[in-house]
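Engineer: Before I ask anything, here is the structure I am working with.
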Amino acid sequence: MTWSVEVRRAPDPGRLAADVREGLTKTPVEIPPKWFYDEKGSQLFDEITELPEYYPTRTEAAILTEHAAELPRVGTVVELGAGYSRKTRLLLESVQPSLFVPLDVSEEPIREAAVRITRDFPAIEVRGIVADFEDELAPLPGADGARMVVFLGSTIGNLTPGPRAEFLRRVFRATAPGDLFLLGADLVKDPIRLVQAYDDSAGVTAAFNKNVLHVLARELDLDPGALDPDDFDHVAVYNDVDDRIEMRLRARRALVVPLLGLEWRISAGEELLTETSAKFRVDGLRTELAEAGFAVVTTWTDAAADFSLTLARRL
Ligand SMILES: C[S@@+](CC[C@H](N)C(=O)[O-])C[C@H]1O[C@@H](n2cnc3c(N)ncnc32)[C@H](O)[C@@H]1O
C-alpha cells in the first residue's frame, strides 16, 4: 500500500511568537506544551515512554492488548497527537481499517510511523497529516465505513478544561453520527507516583522539559546563550486543587532575555509553566464526552485503575 504526508500547518515561528507573547502576560509565564515537540522533543518523549517510572504508556498498551479484539471494525482510523503510533498497531490488527490517518504537529514521527505501518500492514493505506489539533480538524480523510478517532497517551490531559471542551467539540464537528472516539486518559492516583512519573531518576523528563527552551532560542532567533537551559531546573508538582501535574522550569538566577523586541526579565526562583497534565475520574470523562455529543459505549481500566481507555460513539 501507499503512504503520504500532507502538511496542513507546520509549526511556524509566527505562531510560536504569538503564543510566547500571550504566555508572557500570564502569571506564571506559560509556554504551551505543543512547543516541546520538535524532532528532538518527539524523540525524548519516546524515551520517556520506556522509563520505569512512566507507567501510562505500558498500562495503556496492556489495556489495548486485552481489549483490542472487542473494538468494532471501521473503514478509517484517525489518530490525533499520534507521535510514533507505537501502541496503535495493537488496535490496527483487530480494527483492520483500509485507511490510517496519523495527525501530529511533529512531522518526523508521522513519517517514521507511515513507513513502518505501511510495511507491517500491507492492506492499510497511510495518509499522515502534519497539523495542530487546536485548529479545525475537518475535513478528515475517510474510506468506506465508519471512522474511529483515537487519542491516546492521555494527551487530552494537556488541555485545560475550556480548551478541552473546545477540542472535543472539534472532534464532534469532524466526525459523523455513529463514528467512534477512543480516548486514553490517566486517572487520579497517589500524587507520589504521579510526581515520579514526571520527574524520572535518569533525567529524561528534565531534558524533555528543557527542550522547549532550545525550540524558543532556535525558532525566535535569540542571541546565542540568551536562554540557556542550564539556567533552569526541571520541576514537577501535583496540584491537588485542579487534579493535575504541572511541569515547570525554575530559573536558577535572575535573567534578562531579549526576545521579540522585548526584555523578558525572569527573577531568580521564578517558575515558567510548560505543561499541565490533568488526571481524570471515569465519571468526569463520561460527563465531558456527553457534553460534547459523545455517548460512552464502554470504559476499560487496568486492575489498579491507573489508566482508562474509553470507547464512545458520536451522536
Ligand atoms: C504525550 S505525547 C503522546 C504520543 C502518543 N500518542 C502516545 O500515546 O505515546 C503527545 C503527542 O501529541 C502531539 N501534540 C501535542 N500538541 C499537539 C497539537 N496541538 N496538535 C497536534 N499534535 C500535538 C505531540 O507532538 C506528541 O506526539
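What follows is calculated from the coordinates using simple rules that are stated; it is not laboratory data. None of the values given here were measured: they were computed from a predicted structure. Neighbour counts run over all protein chains shown; Cβ positions are idealised from the backbone, glycine included.
Engineer: List the trypsin sites (Lys or Arg not before Pro) within region 62-92 that fall in a DSSP loop (any state other than H, G, I, E or B) and whose Cβ has at most 15 other Cβ atoms within 10 Å.
Structural biologist: Arg73
Engineer: Over the alpha-carbon set of region 199-293, divide Rg by the Kirkwood Rh and report the Rg/Rh ratio to two decimals. Present the calculation step by step, with values, prior to reporting the outcome.
Structural biologist: Values: Rg = 16.9 Å, Rh = 15.3 Å.
Result: Rg/Rh = 1.10.
Engineer: Fewest Cβ neighbours within 10 Å first, please rank Val78, Val204 accordingly.
Structural biologist: If I rank by nearby Cβ atoms, fewest first, I get Val204, Val78.
Engineer: With runs of 4+ DSSP H residues as the only contributors, calculate the mean residue ellipticity of the chain at 222 nm using -39,500 (n - 2.57) per run, divided by the residue total and rounded to the nearest 500.
Structural biologist: Details: 9 runs with 104 residues, N = 315.
Mean residue ellipticity at 222 nm (helix-derived): -10000 deg cm²/dmol.
Engineer: Roughly how many nanometres apart are two label points built 7 Å out from the Cα toward the Cβ at Arg281 and Asp12?
Structural biologist: With each label placed 7 Å out from Cα toward Cβ, I get 4.4 nm.
Engineer: What residue among Pro52, Pro32, Pro102 has the largest mean-square fluctuation in a Gaussian network model of the chain, using Cα springs under 10 Å?
Structural biologist: Highest fluctuation among the options: Pro52.
Engineer: Can you sort Trp3, Trp264 so the residue with the fewest Cβ neighbours within 10 Å comes first?
Structural biologist: Listing Trp3, Trp264 from fewest to most nearby Cβ atoms yields Trp264, Trp3.
Engineer: Placing +1 on the Cβ of each Lys and Arg and -1 on the Cβ of each Asp and Glu in region 182-315, which of Leu216, Pro258, Val241 has its Cα farthest towards the positive end of the resulting dipole?
Structural biologist: Farthest along the dipole direction, towards plus: Val241.
Engineer: Could you state, as a whole-number percent, how many of the C-alpha pairs of region 120-274 are farther apart than 22 Å?
Structural biologist: Tail of P(r) above 22 Å: 58 percent of Cα pairs.
Engineer: Please work out the FRET efficiency for the pair Lys40 and Leu315, using the Cβ-Cβ distance as r and a Förster radius of 30 Å; give the result to the nearest 0.05.
Structural biologist: After rounding to 0.05, the efficiency reads 0.15.
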